[in-house]
1. Could you list, in sequence order, the residues of the stretch 256-290 that are more than 17 Å from residue 246 (Cβ to Cβ), of a type in the set (A, V, I, L, M, F, W, C) and touching a helix residue (DSSP H, G or I) at 6+ places or on another chain (Cβ under 7 Å)?
2. Select from the stretch 190-209 the residues that are among the hydrophobic types (A, V, I, L, M, F, W, C) and surrounded by 14 or more Cβ atoms within 10 Å (Cβ to Cβ) and list them in ascending order.
3. Which residue is farthest from residue 299 (Cα to Cα), if the candidates are limited to the stretch 43-59 and must be among the aliphatic types (A, V, I, L, M) and surrounded by fewer than 18 Cβ atoms within 10 Å (Cβ to Cβ)?
4. Name the residues in the stretch 240-252 that are polar (S, T, N, Q) and part of a loop (DSSP other than H, G, I, E, B), would you?
5. Can you confirm whether residue 70 is β-branched (Val, Ile, Thr), exposed (fewer than 13 other Cβ atoms within 10 Å of the Cβ) and either within 21 Å of residue 134 (Cα to Cα) or out of contact with any helix residue (DSSP H, G or I) (no Cβ under 9 Å at 6 or more places or on another chain) (or both)?
6. Is it true that some residue in the stretch 108-124 is loosely packed, with under 12 Cβ neighbours inside 10 Å and either in a helix (DSSP H, G or I) or among the aromatic types (Phe, Trp, Tyr) (or both)?
7. Sort out which residues of the stretch 125-144 are more than 25 Å from residue 96 (Cβ to Cβ) and part of a loop (DSSP other than H, G, I, E, B), and write them in order of number.
8. Find all pairs meeting these conditions: Cβ atoms under 6 angstrom apart; at least six residues apart or on different chains; first residue within the stretch 45-73 and polar (S, T, N, Q); second residue part of a loop (DSSP other than H, G, I, E, B) and modelled with pLDDT of 95 or more.
Amino acid sequence: MVRVPLPPLLGRVAHLLTGRATDAAYAGGWAVVRALPEPVALGLFRAGADLAARRGGKGVDRLRSNLARVAPDADLDALVRDALRSYARYWCEVFRLPVTSRERVVAGMTTVGEHRLRESVAAGRGTVLALPHSGNWDHAGAWCGATGVPFTTVAERLKPESVYDRFVAFRESLGMEVLALTGGERPPFDVLTERLEAGGTLCLLADRDLSARGIDVQFFGATARMPAGPAGLALRTGATLIPVTLSFTDDGWHCVFHPAVPATDVQTMTQALADAFATGIAAHPADWHMLQRLWLDDLVPR
């Protein structure tokens, strides 16, 4: 599922606004960032990230707590700062994707295990790409589309609806088919099943699901809950389930296609996804953008 949290430079303003004002803030910010020279835009977002690191707050505190689990030996202050810079870079790049050339989208990506994606797509049995909130998943989506792999994903609805519509239109312009998590004409699971049975590809963010439908997994030594959807869809349709982890390079992006998860049962397969995610996150902890609770023992008892 694609989640669309507030970008760091607009978040402090947009939370004070509602309806049309929020939409106007997004639209204005989007237009300004696209118009700025790239080094200037990146510098502004980096400065915003450093300010957020100094000021702290609920999201920053949660990020710190999460990173302490995945990189216990790191300099936590430096890691939190770098993680906020990474998250700010993600948003800056998202805003600038409409003016980023196809050539750069493709040339800037390095990959490991890309043959796993290409072979699965060529086989025509359907492919489920499951990934955590790391690196720049919107750029990865643009890269997939630009290299011949259109796909379907699911987006959580936002309020106001106009902001949700704006992000859906943006992602569809990159070649994605975006289904609403709720409120659509049909349940998204049924549509996703059809896409896989037709040999299509899905991209699903899959490192957090605290609902009663989530699957409990061991993740960096404690219990977390992740969505059952990727494994369930793969089992239901016979599609290939491939964990994917993303990170930034100095001037581009990196994508690792991990070995496909064997078809067994939803619990075992979801744990295999968690293990692959942990490998990628441990290698690049600053590029994991998790500013929410994830582990069950972090939840406040009701």
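1. 260, 261, 263, 266, 269
2. Start the filter on the stretch 190-209 by keeping residues that are among the hydrophobic types (A, V, I, L, M, F, W, C), which leaves 191-192, 196, 198, 202-206.
Passing the criteria: 191, 192, 196, 202, 203, 204, 205, 206.
3. Quick first cut of the stretch 43-59, residues among the aliphatic types (A, V, I, L, M) only: 44, 47, 49, 51-53.
Checking which are surrounded by fewer than 18 Cβ atoms within 10 Å (Cβ to Cβ) leaves us with 44, 47, 51.
Working: 44: 34, 47: 31, 51: 27 Å.
Of everything passing the filter in the stretch 43-59, 44 is farthest from residue 299 (Cα to Cα).
4. 249 - this is the single residue of the stretch 240-252 that is polar (S, T, N, Q) and part of a loop (DSSP other than H, G, I, E, B).
5. Values: β-branched (Val, Ile, Thr): yes; exposed (fewer than 13 other Cβ atoms within 10 Å of the Cβ): no; either within 21 Å of residue 134 (Cα to Cα) or out of contact with any helix residue (DSSP H, G or I) (no Cβ under 9 Å at 6 or more places or on another chain) (or both): yes.
No: the conditions fail for residue 70.
6. Step one: of the stretch 108-124, the residues loosely packed, with under 12 Cβ neighbours inside 10 Å are 115, 122, 124.
After this cut, where a residue has to be either in a helix (DSSP H, G or I) or among the aromatic types (Phe, Trp, Tyr) (or both) as well, the list is 115, 122.
The answer is yes, given that some residue of the stretch 108-124 is loosely packed, with under 12 Cβ neighbours inside 10 Å and either in a helix (DSSP H, G or I) or among the aromatic types (Phe, Trp, Tyr) (or both).
7. Keep residues of the stretch 125-144 that are more than 25 Å from residue 96 (Cβ to Cβ), which gives 125-128, 130.
Hits for the stretch 125-144 are 125, 126.
8. If the second residue must be part of a loop (DSSP other than H, G, I, E, B) and modelled with pLDDT of 95 or more, the pairs left are 66/290.
The values are calculated or read from the model by the stated rules, or taken from the named source; none is laboratory data. The shown structure was predicted, so the numbers you read here are calculated from the model rather than taken from an experiment. Heads up, the Cβs are rebuilt from the backbone with ideal geometry, glycines too, and the neighbour counts pull from every protein chain shown.
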